[in-house]
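Asker: What follows is a single structure, and I will ask about it in a moment.
The values are calculated or read from the model by the stated rules, or taken from the named source; none is laboratory data. Just so you know, these numbers come straight off a predicted model, no measurement behind them. Note: ideal-geometry Cβ built from the backbone for every residue, glycine included; neighbour counts use all protein chains shown.
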């Protein structure tokens, strides 16, 4: 179950066989069925999670009951409420499986131990967190400065199979439009092709 994690690590850092074998002991393998929650708002995020297989979503529900999707977590991605994970504070997010998923969970104490005992992991997670910050800033600026069509096209460009894996109302939530707006947008794009 650690094949994809090993592949992703080797794309970013040099790690010996012994270091990887030690790292494997820090993780808790978990299978999560579709529509099951890994995290619910109000609970502390006690794991950061690597997606070996499957698809998750991280989202929040506002006071009116509307869902706002922060992230889709695909194979090879890490998913967590990083603030809650690092501070122990209750999370404001839910993390749900959109497909049957195979996950690797690591607790904060095991994560800290791994960073201390295998320095390459410190570099790996630093790069991941930097990349996450850049992606978050770009997404935030994109939400403020681009049209719904541009956001939709960007999503499709970056994740070509997303429309086959995720219901349209979730895509609408992710790009920040209503279902009706997304439906009109998709019709206009189809007519223009």
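Asker: If you go through the range 146-182 one residue at a time, how many are under 22 Å from residue 61 (Cβ atoms) and part of a helix (DSSP H, G or I)?
Answerer: Taking the range 146-182 first, the residues under 22 Å from residue 61 (Cβ atoms) are 148, 151, 155, 162, 165-182.
From the residues that got through so far, the ones that are part of a helix (DSSP H, G or I) too are 148, 151, 155, 162, 165, 168-175, 179-182.
Total satisfying the criteria: 17.
Asker: So if I check each of 141, 170, which one is in the same structural domain as residue 70 (by TED's automatic domain parsing) and within 24 Å of residue 73 (Cβ to Cβ)? First the steps, then the outcome.
Answerer: On the way: 170 fails: in the same structural domain as residue 70 (by TED's automatic domain parsing).
141 is the lone residue from the list that is in the same structural domain as residue 70 (by TED's automatic domain parsing) and within 24 Å of residue 73 (Cβ to Cβ).
Asker: Would you call residue 132 outside the structural domain of residue 10 (by TED's automatic domain parsing), farther than 23 Å from residue 66 by Cβ and surrounded by 13 or more Cβ atoms within 10 Å (Cβ to Cβ)?
Answerer: Details: outside the structural domain of residue 10 (by TED's automatic domain parsing): no; farther than 23 Å from residue 66 by Cβ: yes; surrounded by 13 or more Cβ atoms within 10 Å (Cβ to Cβ): yes.
For residue 132, the condition - outside the structural domain of residue 10 (by TED's automatic domain parsing), farther than 23 Å from residue 66 by Cβ and surrounded by 13 or more Cβ atoms within 10 Å (Cβ to Cβ) - is not met.
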